[in-house]
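Contents: one structure, followed by commentary.
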Amino acid sequence: MMANATADREIVVNRVIDAPRELVFEAFTEPEHIEQWWAPRKATTHEMDVQPGGVWRYSQPGRGEAKQSFKIEFVEISRPARLVYNYGPDSADAPEPVRTTVTFEDQGGKTQVTLQLLFATAAAREQAVKYGAIVGAMQALENLADHLAGV
Amino acid sequence: MGNKTVNDKLSLTFSALAHPIRRAMLERLAEGPATVKELAEPFDISMPAISKHLQVLERAGLIERGREAQWRPAQLQTAPLEDVSQWLENLNWENNLDRLEEYLRNLQEQKESE
């Protein structure tokens, strides 16, 4: 498992969730479920077509007036074990999408969910990992600027 | 799908944020507009270097400067910051899985109580 050719481009996250595998899989593929938990702020579905080549397009409100749109393009759907999709902002000047593989393993009625996020480049992965803290600090700035603009 | 470009909007913002001097400039601008001279003051670097950093910030859309004269104040623009923070929030799967877990817990509790 050590010398993985894509290690410098990927992030792997996993979690055991106390729910049956079929339900967890549905939570990733049915709009009424996914809209409730996916985004930091409630998502609105514009298109949902769960089949290879199909897309889920959604938007979510930003903190300001701006609404942001994202797109998932499904690559593989193996219900209820595996889901593969490309993920990115739904805009012309978006970066290369993040290839995401979600696996669902039954663990005696619970489900182990594993996400592998594969970025186009090591630099893009680094942005997502390292810049979290910087952007967090910048976000505080943004709040300050908004606050000052309002007074 | 075109070439792998690093000139997309998010990447531009990321590289603009990559330098501590540029971040410090943004911090100063969060308090209000400032002139180039004011922005340069805390740093022991040349004016051309200062103006290069400002250009990077401007190209990323993080600041706006007066058109007519060089000395006109620069002003923080927050939209690109919001874009990157939202993108990073969406990629933060520890948080996403927290929400999924909570959502499914509530859903199952609701079903049980029905």
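The values are calculated or read from the model by the stated rules, or taken from the named source; none is laboratory data. Only a predicted model underlies this, so the values are computations on that prediction, with no experimental measurement involved. Cβ: placed from backbone, ideal geometry, glycine included. Neighbour counts: every protein chain shown. Just the protein is used for accessible areas: all its heavy atoms, side chains included, with ligands, DNA and RNA removed. Shrake-Rupley method; radii C 1.70, N 1.55, O 1.52, S 1.80 Å.
Computed values, structure above
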{"item": "Strands (runs of 3 or more DSSP E) wholly inside the range A:1-78 that include at least 1 residues being under 19 Å from A:Ala94 (Cα atoms) and out of contact with any strand residue (DSSP E or B) (no Cβ under 7 Å at 6 or more places or on another chain)", "result": "none"}
{"item": "Residues of the range B:75-96 classified as open to solvent by less than 40 Å² (accessible area, probe 1.4 Å) and either part of a strand (DSSP E or B) or closer than 17 Å to A:Gln68 by Cβ (or both), total", "result": "13"}
{"item": "Which listed residue is modelled with pLDDT of 90 or more and in a loop (DSSP other than H, G, I, E, B), from A:Ala120, A:Ala92", "result": "A:Ala120"}
{"item": "Among the candidates B:Arg105, B:Arg72, B:Arg23, B:Arg67, residue that is more than 12 Å from every other protein chain (Cβ to nearest Cβ) and either surrounded by 13 or more Cβ atoms within 10 Å (Cβ to Cβ) or within 30 Å of A:Gly109 (Cβ to Cβ) (or both)", "result": "B:Arg72"}
{"item": "Those residues of the range B:47-86 which are among the small types (Gly, Ala, Ser) and closer than 17 Å to B:Pro20 by Cβ, in sequence order", "result": "B:Ala49, B:Ala60"}
{"item": "Some residue of the range A:113-123 being polar (S, T, N, Q), closer than 21 Å to A:Glu10 by Cα and under 11 Å from the mean Cα position of the chain (by Cα)", "result": "yes"}
{"item": "Condition check for A:Ala7: of a type outside the set (S, T, N, Q), surrounded by fewer than 17 Cβ atoms within 10 Å (Cβ to Cβ) and without any contact (Cβ under 8 Å) to a residue 40 or more places away in the chain", "result": "yes"}
{"item": "Filter result (within 16 Å of A:Val50 (Cβ to Cβ), within 11 Å of another protein chain (Cβ to nearest Cβ) and not β-branched (Val, Ile, Thr)) within the range A:8-31", "result": "A:Leu23, A:Glu26, A:Ala27, A:Phe28"}
